1. Is it possible to state the helix-based mean residue ellipticity at 222 nm for the chain, with each DSSP H run of 4+ residues giving -39500 (n - 2.57), the sum divided by total residues, to the nearest 500 deg cm²/dmol? What is it?
2. Quick one: 3J(HN,Hα) in Hz for the range 341-348, Karplus 6.51/-1.76/1.60 with θ = phi - 60°, rounded, Gly and Pro as x.
3. Amide H neighbours of F454 under 5 Å, at least 5 residues apart or on other chains, H built in the peptide plane: list them.
4. Going by alpha carbons, how many degrees (0 to 90, nearest 10) lie between the helix axis of 436-453 and the longest principal axis of the chain?
5. Can you pull the percent of the chain's accessible area that's carbon plus sulfur, 1.4 Å probe, other chains left in place?
6. Please calculate how many Å² of accessible area the chain carries per residue, with a 1.4 Å probe and no DNA, RNA or ligand atoms counted.
7. Taking the Cα centre of the range 207-311 as origin, work out the dipole magnitude from +1 charges on Lys and Arg Cβ and -1 charges on Asp and Glu Cβ, in debye rounded to 20.
8. Stokes-Einstein at 25 °C, 0.890 mPa s, Kirkwood radius from Cα pairs: D for the chain in µm² s⁻¹?
Amino acid sequence: LGVFLTVFALLFDFMKRRKKWSHYPPGPVSLPFIGTMLYVDFCNPHLSFNQLQKKFGNIFSLQNCWTNVVVLNGYKTVKEALVHRSEDFADRPYVPIYEHVGYGNKSEGIVIARYGHVWKELRKFTLSTLRNFGMGKKSLEDRVTEEAGFLCSAVSSEKGCPFDLRFLVNNAVCNVICTTIYGERFDYGDDTFKKLLHLFENSLNEEAGFLPQLLNVVPILLRIPGVPQKVFQGQKAFMDFIDVLINKHMETWNPAYIRDFSDAFLKEMEKGKTAEESGFNYNNLRLVTADLFAAGSETTSTTLRWAVLYMLLHPEIQSKVQAEIDKVIGRERPPTMKDQVSMPYTSAVIHEVQRYGDVVPIGLPHMTYRDTELQGFFIPKGTTIIINLSSVLKDETVWEKPNEFYPEHFLDANGQFVKPEAFLPFSAGRRACLGEQLAKLELFIFFTTLLQKFTFVLPEDQPRPWENGHFALTSSPHPYLVQAVPR
Ligand code: HEM
């Protein structure tokens, strides 16, 4: 009877699974070995997804060689998955290449960490440490305001000549991360700072290259002796430099006086010394540091570069923002976050920059934590999930003019600021961007301080900059030159 019951149970389970799989999302025909990879333009994946969405609907499946992938599109679908079934979609896929950059086979840190105890502990700690950044004498807002002042001085020293804003904005945004982690900023000309940024840029370029993507899909190639060392030289150099900075910081560490994020983390490490399961260990300190750099700098500086580009292309919008700055803040005192509530037009412009700029068009990959169901489709545990954020920020059923720069998306009939629910540049749910508050603070303070001091114009001999982005993990503007005319 036992054997019969076991066979019956297994058969029943098999039939149930078969039935469920018949509800797996539709998608293009998968070819042997390469799956559906020919359907995706890896230079502009969000554009390919938009095409596939038209054919297969808001939930469709792909096959990345051997990996099952489901792509979610449109506000309604994304909200249902990330908000209403938050835990089902909270995991991250294992990314083989990161094991060779120091993330270990459990992919720790925060950004690519698997959903579980260590991720929860590190995320909670990092969020609360950033939120209560009263450590040291200055608040985070004070530090961002101070950095905005340095940024404006550096822009001034260009003396109204054409220049590429990218480097200065990058310096300013990376300095905010440095000040958060190490409690101090660097001069833009400081050798240590220049080395840090150089190594960081190399590591980002390396990560976005073709070879790492290939190694992720065919990880067996990572076993070829010498391959990981050769491919990840830049990443390794960046991590080694983080070690140098942390070790230097540890020399002056005093648990009675917490100066910054690193100090607070070191204190947790002391407390958790005996706890085996604790995520507070040295490796995670360096991984979370690298995560904050990687997730918090390029995203914010790219958004600011889009902001200035749109001001060049829409001088009438730039003038309206400046008029509001003059009215609410004036020309002398620095902007503060309190001003934001009295500045609906500026707030609308910043939000529209994020919506139309679409800086992280396909978010970060998620993975299903358990078997789940979405709008009648069965999605098994362990499926890689791509959240097409671009399709939410440009969802035709939500936005009046999805493919135009139109700040009125965020203004009601009385000119008051409103934020539609489909505004999800930071994603949503358990894995939503951890730095959202810091990013909003930086965007408002940097943008208003720059426009308070300068008018940005396109140099006469320069072609009109392109409005479409260049995709490499983030979608950034093609390089452009600008003239900053003092006001
Ligand atoms: C994750 C956007 C700035 C830290 C993310 C995700 C997006 C995003 C789309 C993926 C969410 C998901 O997987 O569903 C942005 C944008 C920014 C920005 C548009 C600026 C305009 C920042 C800043 C920091 C930061 C300033 C920190 C200093 C993180 C971290 C994660 C993350 C740690 C991973 C969260 C997790 O897996 O639990 N961000 N981000 N981001 N972001 Fe941001």
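1. -15000 deg cm²/dmol
2. Residue by residue, the range 341-348 yields 5, 8, 10, x, 5, 4, 4, 4 Hz.
3. Those lying under 5 Å, H to H, from F454 are R487.
4. Its long axis makes an angle of about 30 degrees.
5. Summing carbon and sulfur atoms, their accessible area is 58 percent of the total for the chain.
6. 48 Å²
7. It works out to roughly 260 debye.
8. Answer, rounded: 101 µm²/s.
The values are calculated or read from the model by the stated rules, or taken from the named source; none is laboratory data. These numbers come from a predicted model, not from an experiment. Backbone-built Cβ (ideal geometry, glycine too); neighbour counts: all protein chains shown. With ligands, DNA and RNA removed, areas are computed over all heavy atoms of the protein, side chains included. Shrake-Rupley method; radii C 1.70, N 1.55, O 1.52, S 1.80 Å.
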